[in-house]
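A.B. asks: Handing you this structure, nothing more for now.
The values are calculated or read from the model by the stated rules, or taken from the named source; none is laboratory data. Note that the structure is predicted; figures quoted are calculated from it, not measured. We place every Cβ from the backbone using ideal geometry, glycine too, and count neighbours over all the protein chains shown.
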Amino acid sequence: MLFLRNFEFFSDSFSQAICLVMAERFDVLVQGLSEADALSLLFADTACVERPADRYFAATRLGLSDSDKTLDALIRATHELKVDELFDRITRRKVVEALGRRKDPRSIPALFDVLGCSDTEAVINALSALTRIGWRPIEAEEDRLLELLNGEVTQTRAVIQTFTRLGIKSRRSKSCIVDCCDHESLLISGAARAYMASLYGESVLMKPLVASLNDLVAGKRRSAVIDIGDSGDESLLPVLVRAPVSMSLRAKSFLQIVDANQTLSKAENQALFQQLLRDDPLLLDIRSEWECGPDPADIEQNLSHRDEARQYGAAASLMRINRSECIELIESMQERLWSDYVTHYYLSCLVGLRKISEKSNLIRSALAETTPQYTKSRIAAAWACVELKLYDQMDLLYELSSSAPWVPLRWTCQQALARLIEMQQLERAL
């Protein structure tokens with residue numbers, strides 16, 4: 001039972017993370033696939049395809065297109081691909097996801113039809129796609145959404161999130177969702193509490209989620225971060241920033257809140273956002289269960305753990321150990337594990353936080369890395385450029401300060417560039 005509860009939370013956080021990074025990773029995989037080939041693969045008989053996985057890569061490829069022909073094909077695929085054949089089913093899920101990326105209102109009727117299918121993952125993807133498009137359901141469509149509250153836990157959570165993110169308010173929906181605030185599943189109760197906080201100002205309902213930010217179960221912490229973002233409760237920003245959860249996920253929820261309140265420009269929020277993006281493990285709420293000692297083997301083992309709290313515990317140890325020992329361990333891991341994007345990120349953070357000028361080339365390399373998986377490392381590298389006074393990186397920081405598609409990276413580069421310019425001017429004036 002413990003495994004099932006943990007898996008429930010892991011599944012939810014994984015599906016949420018899909019929206020953040022997985023689509024970009026698939027973009028890399030489909031770059032060499034032509035539109036024509038993608039169209040032919042979309043409806044191909046799996047038995048006749050050399051690599052069946054190419055079928056759902058094809059759906060992702062068509063999500064990057066902008067022609068009416070490809071849109072029509074994706075819409076048609078929602079009806080024609082079946083759920084009883086494995087690769088049809090997976091491809092159909094990717095089709096629905098692709099329509100969400102296209103954000104074309106013409107796909108709304110097809111996506112709404114998907115809500116009636118037996119494939120829960122496809123239903124969840126359809127809800128996400130309709131949200132991205134900005135769907136405004138009529139009363140009958142809202143009733144259909146409310147019927148979906150009786151589905152599996154992850155589906156029920158996704159339905160409530162759809163009501164929250166689309167701002168759907170009605171007496172009936174409020175009555176149904178408020179009853180979920182005390183549901184036995186925290187996935188459902190957390191989403192319901194966020195709905196009430198966001199749409200009806202019931203921020204007091206968010207208190208249990210603050211406690212979940214430090215829960216031993218990683219999925220509970222991640223889900224709480226997501227729910228806090230949906231709540232729009234600005235008073236929760238300080239505890240959100242300190243949560244031992246992936247920086248990317250925290251940043252998404254942080255921006256969701258300040259965007260809803262239009263308060264990113266506030267000095268206190270700017271300071272909190274910087275603290276979040278600098279990601280100093282010593283400033284996080286880390287429990288003793290996640291900490292490890294100074295032994296290099298223990299640090300490396302925890303740094304590679306799937307739970308970010310254990311990773312942060314290892315990073316905190318690297319912040320505390322003797323500087324020479326830290327450099328030695330960084331060099332050892334760089335040589336063996338530099339291609340692992342998790343290790344890559346933490347090493348980039350540590351070099352900047354501990355001002356290890358001997359590893360400045362590591363920072364230059366990280367800032368220049370364009371593979372999507374290493375985007376967090378570019379943020380760490382940008383802050384490190386300030387700490388190490390890497391004036392030779394100002395041109396790249398300038399470029400990223402206006403062109404980086406991800407707001408946290410763009411904002412970080414703007415801040416880093418401004419500080420380097422100020423430092424350079426002060427040095428010249430002396």
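A.B. asks: Inside segment 137-175, can you point out the residues that are among the hydrophobic types (A, V, I, L, M, F, W, C) and farther than 14 Å from ALA194 by Cα?
C.D. replies: Residues satisfying the conditions are ILE138, ALA140, LEU145, LEU146, LEU148, LEU149, VAL153.
A.B. asks: Given the options ALA58, ALA77, name the one that is of a type in the set (A, V, I, L, M), in contact with a Leu (Cβ under 8 Å, 6 or more places away or on another chain), farther than 16 Å from LEU111 by Cα and crowded, with 18+ Cβ neighbours inside 10 Å.
C.D. replies: Criteria check complete, one pass: ALA58.
A.B. asks: For segment 189-240, how many residues meet the condition of being of a type in the set (Gly, Ala, Ser), touching a Lys or Arg at 6+ places or on another chain (Cβ under 7 Å) and crowded, with 24+ Cβ neighbours inside 10 Å?
C.D. replies: Residues that pass the stated criteria total 2.
A.B. asks: Which of (1) modelled with pLDDT of 95 or more; (2) within 24 Å of GLY219 (Cβ to Cβ); (3) of a type outside the set (A, V, I, L, M) is the odd one out, the single condition ARG278 does not satisfy?
C.D. replies: (2)
A.B. asks: So which residues in segment 89-147 are touching a residue at least 60 places away in the same chain (Cβ under 8 Å) and aromatic (Phe, Trp, Tyr)?
C.D. replies: Those that are touching a residue at least 60 places away in the same chain (Cβ under 8 Å) and aromatic (Phe, Trp, Tyr): none in segment 89-147.
A.B. asks: Output the number of residues of segment 104-143 satisfying the condition of being farther than 19 Å from THR164 by Cα, in a loop (DSSP other than H, G, I, E, B) and either in contact with a Lys or Arg (Cβ under 9 Å, 6 or more places away or on another chain) or of a type in the set (A, V, I, L, M, F, W, C) (or both).
C.D. replies: So the answer is 3.
A.B. asks: Of all residues in segment 283-312, which are modelled with pLDDT under 95, hydrophobic (A, V, I, L, M, F, W, C) and more than 16 Å from ARG336 (Cα to Cα)?
C.D. replies: Within segment 283-312, CYS292 is the sole residue that qualifies.
A.B. asks: Does any residue of segment 371-389 turn out to be modelled with pLDDT of 95 or more, assigned by TED's automatic domain parsing to the domain that holds GLU335 and over 28 Å from the mean Cα position of the chain (by Cα)?
C.D. replies: Within segment 371-389, one or more residues are modelled with pLDDT of 95 or more, assigned by TED's automatic domain parsing to the domain that holds GLU335 and over 28 Å from the mean Cα position of the chain (by Cα).
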